[in-house]
Amino acid sequence: RDSSPKISLDGQRLYFVSDRQCSLGESDIWIATREDAEPGTPFTEVRLLDSGPVNSTERERQVSISCDERIIVFHSYDRPGGIGGDDLWMAERPSAEDEFGEPVNLGPPVNTSVNDLAPHISCSGLTIFFSDWWQDPRPGDTSGNSTIWATTRPALDLPFEEPIQLHPSIE
């Protein structure tokens with residue numbers, strides 16, 4: 001099962017989550033590459049993201065990548081160091097050619113004891129949009145549905161701040 005596709009800004013790399021053979025865990029982050037972004041050009045190389053610490057023996061899910069491909073965000077339910085339910089994790093690298101460093105749990109106030117899911121990081125790396133799960137909503141979520149949240153940080157070297165719930169009409 002392949003899911004959660006995110007394509008690089010130049011269209012030459014496709015990041016996705018899969019449970020393919022050779023995965024380290026139940027699901028991992030993979031990358032497919034192609035020579036150029038011309039329509040119809042096939043992705044020819046498909047491999048695990050890297051030999052670094054992003055993929056683990058646990059479940060990495062729903063990947064998002066910044067426009068410069070230096071920041072990757074995903075969620076995981078059972079990765080050691082989580083604080084409860086699905087948590088958002090982030091890893092960084094000096095350039096798109098380098099391997100990612102050790103993923104960091106975004107912790108409170110971003111993660112809660114319930115499921116924090118489906119991250120999408122902005123081009124700048126300063127905002128992450130994500131959702132909670134309607135069966136187990138975040139504290140303060142009164143919508144009764146899965147809700148979209150946003151967390152921001154003033155600079156790349158600063159932590160993300162308390163998430164805000166987007167308007168209830170955005171589901």
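Where a number appears in this text, it was derived from the coordinates with a stated rule and is not lab data. Every value quoted in this text rests on a predicted model; they were computed, and no experiment measured them. Glycine gets a Cβ as well: all are built from the backbone with ideal geometry, and neighbour counts include every protein chain shown.
Kirkwood radius, region 3-52, all distinct C-alpha pairs, inverse of mean reciprocal distance: 11.3 Å. Per-residue extension of 0.36 nm, minus the Cα-Cα distance of Tyr77 and Leu166, leaves a gain of 29.7 nm for this segment. In the chain, the DSSP-assigned H stretches of four residues or longer account for a calculated mean residue ellipticity at 222 nm of -500 deg cm²/dmol, using -39500 (n - 2.57) per stretch and the full residue count as denominator. From the largest down, the chain spans 47, 30, 30 angstrom on the principal axes of its Cα atoms.
So how much slack lies between Cys123 and Gln21, counting 0.36 nm per residue of separation and subtracting their Cα-Cα distance, in nm?
Contour length minus Cα-Cα distance gives 33.6 nm.
In the neighborhood of Cys22, defined by Cβ-to-Cβ distances under 15 Å, what is the net charge if each Lys or Arg adds +1 and each Asp or Glu adds -1? Intermediate results must be reported in sequence, preceding the final value.
Numbers: positive: Arg1, Arg20, Arg47; negative: Asp2, Asp19, Glu26, Asp28, Glu45, Asp50, Glu60.
Neighbour charge sum, excluding Cys22 itself: -4.
Computed on the chain, with alpha-carbon pairs under 8 angstrom and 6+ residues apart, the relative contact order is 14 percent. Overall shape: prolate for region 20-118, with the ratio a/c of the largest to smallest alpha carbon gyration tensor axis at 1.5 or above and a/b above b/c. Taking other residues whose beta carbon is less than 13 angstrom from the beta carbon of Glu35, and scoring Lys, Arg as +1 and Asp, Glu as -1, yields -2. Put a plus charge on the Cβ of each Lys and Arg, a minus charge on the Cβ of each Asp and Glu, and nothing anywhere else: the dipole of region 20-141 about its Cα centre is then about 200 debye. Highest mobility in the GNM of the chain, judged by mean-square fluctuation with C-alpha springs under 10 Å and restricted to Gln62, Gln12, Gln21, is found for Gln21.
Which stretch or stretches of region 1-20 have amide N atoms under 14 Å from the point lying 7 Å from Arg34's Cα along the Cα→Cβ direction? 6-15, by backbone N distance to the label point.
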